[in-house]
Amino acid sequence: MIDLNLLRLVPILAKEKSVTRAALKANLSQSAFSHALNRLREQLNDEMFIRTRNGMEPTPYAAMMIPVIESALSKLDTATRGPSHFDPLRDAHTFYIGAVDYFEFMFMPVLTARFKTIAPNVRLSVDILSETIKVERVEQGQLDAFIGVDNVQHIPHYFNKHKLISDHFVAIASVERTDLPEQLTMRHLVSEAQIHLPAVSSGADHIDGWLLEQHLYRPLATVVQSYAVGGRVAVATGYLMCVPFRIARELATMLPLRIMQLPEGAPSYDLLLLTHRLFDCQPAVQWLINELKAARI
């Protein structure tokens, strides 16, 4: 096996054409450089460099090796330098995120407006997929992150978890439902027809789980796939819909909806940022993680 440190000397001597100058460039003494050159000559069975009137000139064999050595050393230097720096102001990059509807509804407007200023060439692509597909794609490096919901889904141990936001549930209904009190009772939850948006694709849900613990069930009139659609259905039908408070507040500014408190003991809604340990050490992904955690909703 050829000592890599010996090969590093070949391009230096070819450029400097002097053992003295080459030794200085390589931070070696002249005798150490000469000794290394002799070792290389022995190992490769070639003179490598010959003294001429123009200085040390490479033999044909050495001349053939020089571009190969330079290319290999450049690749090794790149590989051992670590992940490249990410500059959000200059670099063009698309981040792919698997997320629940809460993230798209609440975070995307804030993040897109912020990135317009601090990262003009950065794009966010959000997929609303099943949790199983999201996990698989993060593991394969096809998604940079997965925004999930705590306590209603299994999170593999090899994911890094970052808490994004905590919210509490309320109920929304058409402003025309003046018959409903400011704070609902359990009787309302188990008797009023409701619109359902599952927290995760498996159907697991905070409110249903909470009621089930008390051996109670609520009548679900329809299932939707987004909060925006659920809000419109609530206006059109008069049905109740249990949603996180921040979602309710936004919907009430867009639609004729009223917000009501749920009975004491209602569960919280905790959003998690999940990244894979194989990939989240990359500078670009680290930047994304910090931006998501710092977002003010």
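The values are calculated or read from the model by the stated rules, or taken from the named source; none is laboratory data. Since we're looking at a predicted model, the values are computed, not measured. A quick note on method: Cβ atoms are made from the backbone with ideal geometry, for glycine too, and the neighbour counts reach across all protein chains shown. Just the protein is used for accessible areas: all its heavy atoms, side chains included, with ligands, DNA and RNA removed. Shrake-Rupley method; radii C 1.70, N 1.55, O 1.52, S 1.80 Å.
Does Leu44 fit the bill of being over 30 Å from Ile165 (Cβ atoms), open to solvent by less than 80 Å² (accessible area, probe 1.4 Å) and either of a type in the set (Asp, Glu) or within 37 Å of the chain's Cα centre (by Cα) (or both)?
Against the criterion (over 30 Å from Ile165 (Cβ atoms), open to solvent by less than 80 Å² (accessible area, probe 1.4 Å) and either of a type in the set (Asp, Glu) or within 37 Å of the chain's Cα centre (by Cα) (or both)), Leu44 does not qualify.
So which residues in the stretch 201-234 are of a type in the set (Phe, Trp, Tyr) and under 17 Å from Arg187 (Cβ atoms)? Before the answer, list the steps.
Of the stretch 201-234, the ones of a type in the set (Phe, Trp, Tyr) are 210, 217, 227.
Once the filter is applied, which keeps residues that are of a type in the set (Phe, Trp, Tyr) and under 17 Å from Arg187 (Cβ atoms), the stretch 201-234 yields Trp210, Tyr217.
Would you say Ile247 is touching a strand residue (DSSP E or B) at 6+ places or on another chain (Cβ under 6 Å) and in contact (Cβ under 8 Å) with a residue 12 or more places away in the chain?
The answer is no for Ile247.
Just for strands (runs of 3 or more DSSP E) wholly inside the stretch 163-250: which have at least 2 residues that are open to solvent by less than 50 Å² (accessible area, probe 1.4 Å)?
Counting at least 2 such residues, we get 194-196, 240-244.
Return the pairs, sorted by first residue and then second, in which the second residue is in a strand (DSSP E or B) and open to solvent by less than 20 Å² (accessible area, probe 1.4 Å), the first residue lies in the stretch 47-71 and is touching a residue at least 40 places away in the same chain (Cβ under 8 Å), the beta carbons are less than 9 Å apart, and the residues are 6+ apart or on different chains.
Here the result reads Met56/Phe49; Glu57/Phe49; Pro58/Phe49; Ala62/Phe49, each pair linking the stretch 47-71 to a residue that is in a strand (DSSP E or B) and open to solvent by less than 20 Å² (accessible area, probe 1.4 Å).
Mind listing just one residue for me: the one in the stretch 1-35 that is in contact with an Asp or Glu (Cβ under 8 Å, 6 or more places away or on another chain) and open to solvent by 40 Å² or more (accessible area, probe 1.4 Å) and, of those, modelled with the highest pLDDT? Step through it out loud before you land on a result.
To start, the set of residues in the stretch 1-35 that are in contact with an Asp or Glu (Cβ under 8 Å, 6 or more places away or on another chain) comprises 11, 17, 22, 25.
If we keep only those that are open to solvent by 40 Å² or more (accessible area, probe 1.4 Å) as well, we get 17, 25.
On the way: Lys17: 94, Lys25: 91.
Among those that are in contact with an Asp or Glu (Cβ under 8 Å, 6 or more places away or on another chain) and open to solvent by 40 Å² or more (accessible area, probe 1.4 Å), it is Lys17.
Quick check on the stretch 111-119. Is at least one of its residues at pLDDT 90 or above, open to solvent by less than 50 Å² (accessible area, probe 1.4 Å) and under 21 Å from Ile247 (Cα atoms)?
Within the stretch 111-119, one or more residues are at pLDDT 90 or above, open to solvent by less than 50 Å² (accessible area, probe 1.4 Å) and under 21 Å from Ile247 (Cα atoms).
Filter the stretch 255-297 down to residues that are open to solvent by 50 Å² or more (accessible area, probe 1.4 Å), farther than 14 Å from Pro244 by Cα, over 28 Å from the mean Cα position of the chain (by Cα) and in contact (Cβ under 8 Å) with a residue 12 or more places away in the chain, then give me how many there are.
Final tally of qualifying residues: 2.
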